[in-house]
Amino acid sequence: MTRKKNYGWKVPILHLNDPDYCEFGCPICTNARKGNRLAKSIQSIEMALTFGGCPWGRARERKYGVKPNELLSSRKSS
């Protein structure tokens, strides 16, 4: 696994194929995967409207093989 990048509030608009933003920096996706109900509902609406999530979520699916609302298999066992 790659090291966690510190994104803060910076959204990588010019790098839409950055799967690590979805994994470590996105305030909606990271909180939804942690179990936040509000973030989960926002994420489910987003995934329905955009047919699979934002560009960073789709890049995460291509790289890791899991949807933006699913945990990585290495993190499920932890």
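Quick notes
- Taken along the Cα-to-beta-carbon direction at a fixed 7 Å, the label points for L71 and N36 span 1.8 nm.
- From the C-alpha gyration tensor of region 19-64, square roots of 5λ in Å: 16, 13, 7
- 3J(HN,Hα) from dihedral phi, region 19-33, Karplus parametrisation 6.51/-1.76/1.60, rounded to Hz, x for glycine, proline: x, 6, 5, 5, 6, 10, x, 5, x, 6, 5, 5, 6, 5, 5
Values in this text are rule-based calculations from the coordinates and carry no lab data. Source: prediction; values computed, not measured. In this analysis, Cβ positions are derived from the backbone assuming ideal geometry, glycine residues included, and neighbour counts consider all displayed protein chains.
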